[in-house]
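Below: one structure, written as structure tokens.
The values are calculated or read from the model by the stated rules, or taken from the named source; none is laboratory data. Just so it is clear, the model here is predicted, and its values are computed rather than measured. So basically every Cβ, Gly included, is an ideal-geometry build from the backbone, and we count neighbours across all protein chains shown. Ligands, DNA and RNA are excluded from the accessible area calculation, which covers all protein heavy atoms including side chains. Shrake-Rupley method; radii C 1.70, N 1.55, O 1.52, S 1.80 Å.
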Amino acid sequence: NKQQRPKRWQDSGRLRGYGHIVFDTTTSRQTAITQLSGKHLGRRYLTIVEPKEQANTTTSTSASSKPRDQPPGCKTVFVKNLPYQAVEDDIQKVFMVCGKIVEGGVRIARNFQTRQSKGFAYVEYRNVEGAHGAVQKAHKRNGMMVLGRAVFVDYDEGRVKGSFKTEDGRLWSKDHKR
């Protein structure tokens, strides 16, 4: 084989129980499928299959995927697939090129007890053009990257929950009055 890529959980680094192998030739790949699939490696059962066709995933921001129409008056975007170590300033630096962001307008969803990021956030712009620009830019060929990771951006139509808290645990609604 040429390259092994075992998959790991992002938060703990533990192996997920599967991986991808890139073979030198299709013959070596076919040999592994026919001779090793269904066998045991130690106490682990092996299932080896052909790769699936590459699908258009949520992190894919190819030019062929067209963003949906902007809801009237929408100034907030939803951002997912964020690195867990990303903080508000990292996100703001990337998204401020699309327009002015309101003070405290970057809200990262965090675990209630550990305060660790859940991997998604909301960015609120001063005007609808900022939100439109962010979604349009994210759907272009190279999309938008936060700390080297491609992110998915879409319009958000919900309202801020009263219980949403800042990184240091204070209620967001008390710090950022409307």
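Annotations for the structure displayed:
- Gain on full stretching of the segment that runs from Ser37 to Met96 - 0.36 nm per residue minus C-alpha separation: 16.3 nm
- Gain in span if fully extended, Val87 to Lys118, counting 0.36 nm per residue against the direct Cα distance: 10.0 nm
- Peptides ranked, highest mean first, by Cβ atoms within 10 Å: ranges 138-150, 97-109: 97-109, 138-150
- For region 68-111, the solvent-accessible area works out to 50 Å² per residue, with a probe of 1.4 Å and every protein chain left in place.
- Net charge, Glu129 excluded, C-beta distance under 11 Å - Lys, Arg +1, Asp, Glu -1: +3
- Here the extension length gained between Thr47 and Asp11 equals 10.4 nm, from 0.36 nm per residue of separation less the Cα-Cα distance.
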